[in-house]
Amino acid sequence: MKETCIAVATVFAASAAFAETINFDSDKPGALPSAWQQGVTGKGNPQWAVRQDSSAPSKPNVLQQSGSGPFPWCVLPKTVVENGFVEVRFKSISGKADQAGGVIWRWKDGDNYYVARANALEDNVSLYHTTNGRRITIKYVDAPVPPNVWHTLRVEFSGKRIKVALNGKTYIDLEDAHIAGSGAVGLWTKADSVTAFDDFSYGSQ
């Protein structure tokens, strides 16, 4: 499941940084990778599983969400990141109510975490904090997010500072203090979004 685990030589205030990339290519299609945990904020039926996709940036597999619920999520519960980054390649495949793909960080549980997402139905990028099961908008910005095209969503976070970029362009750069401390990282969708993810990367500093 894990393609690389790279020790980064740069030192930040005497603390070592690390980064890891997961491409799902050694995972069994049709099942959730063993290191991951799936769930939903609210009530629903999330269905996260590895699928083969000939268009995958790293062939042959992707992690795809094809169930439904208010906010389906899939996290690496054993990760502990306070300051760092999270990045993923994603492709919106379908969805009548929504077509969203997002990343999670500082995940405490299914009701408390940060999420940034891009939406192919609305053509925008948004930043939220989910607190006690309520998703609250911090900011959203118009951005082109065509469906059935692979995009790169990246978030960098340190203390209160959060930067959200889509395809290399920063759309959100602000400070927010709703969720502090360390937490897990992962992936996120909304409603009936069928979304594929590949090359999930995260790191701390």
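Taking K2 as the residue in question, decide whether it is among the charged types (D, E, K, R), open to solvent by 50 Å² or more (accessible area, probe 1.4 Å) and modelled with pLDDT under 95. In short, yes. Of the residues that make up segment 44-53, is at least one at pLDDT 95 or above, out of contact with any Pro (no Cβ under 6 Å at 6 or more places or on another chain), among the polar types (S, T, N, Q) and closer than 13 Å to W188 by Cα? Looking for residues that are at pLDDT 95 or above, out of contact with any Pro (no Cβ under 6 Å at 6 or more places or on another chain), among the polar types (S, T, N, Q) and closer than 13 Å to W188 by Cα, one finds at least one in segment 44-53, hence yes. Between A97, A31, the distinction of being of a type in the set (A, V, I, L, M), surrounded by fewer than 19 Cβ atoms within 10 Å (Cβ to Cβ), in a loop (DSSP other than H, G, I, E, B) and free of Cβ contacts under 8 Å to residues at least 24 places away in the same chain belongs to A31 only.
Which one of A180, A191, A143, A184 is touching a residue at least 60 places away in the same chain (Cβ under 8 Å), over 24 Å from A17 (Cβ atoms) and not charged (D, E, K, R)?
Going through A180, A191, A143, A184 in turn, the sole match is A191.
With the condition kept exactly as written, say whether any residue in segment 139-150 is assigned to a loop (DSSP other than H, G, I, E, B), in contact with a His (Cβ under 9 Å, 6 or more places away or on another chain), on the phi > 0 side of the Ramachandran plot and at pLDDT 95 or above. No. Within segment 55-66, residues that are touching a residue at least 60 places away in the same chain (Cβ under 8 Å) have Cβ atoms under 8 Å from residues that are among the hydroxyl-bearing types (S, T, Y) and in a loop (DSSP other than H, G, I, E, B) in these pairs: Q65/T189; Q65/S193, counting only partners at least 6 apart in sequence or on another chain. Is one or more of the residues making up segment 153-175 buried (at least 16 other Cβ atoms within 10 Å of the Cβ), of a type in the set (S, T, N, Q) and assigned to a strand (DSSP E or B)? No, segment 153-175 contains no residue that is buried (at least 16 other Cβ atoms within 10 Å of the Cβ), of a type in the set (S, T, N, Q) and assigned to a strand (DSSP E or B).
The values are calculated or read from the model by the stated rules, or taken from the named source; none is laboratory data. All values reported here derive from a predicted model rather than from experimental measurement. Reconstructed Cβ throughout: ideal geometry from the backbone, glycine too, with neighbour counts over all protein chains shown. Side chains are part of the model used for accessible areas, which takes the heavy atoms of the whole protein and leaves out ligands, DNA and RNA. Shrake-Rupley method; radii C 1.70, N 1.55, O 1.52, S 1.80 Å.
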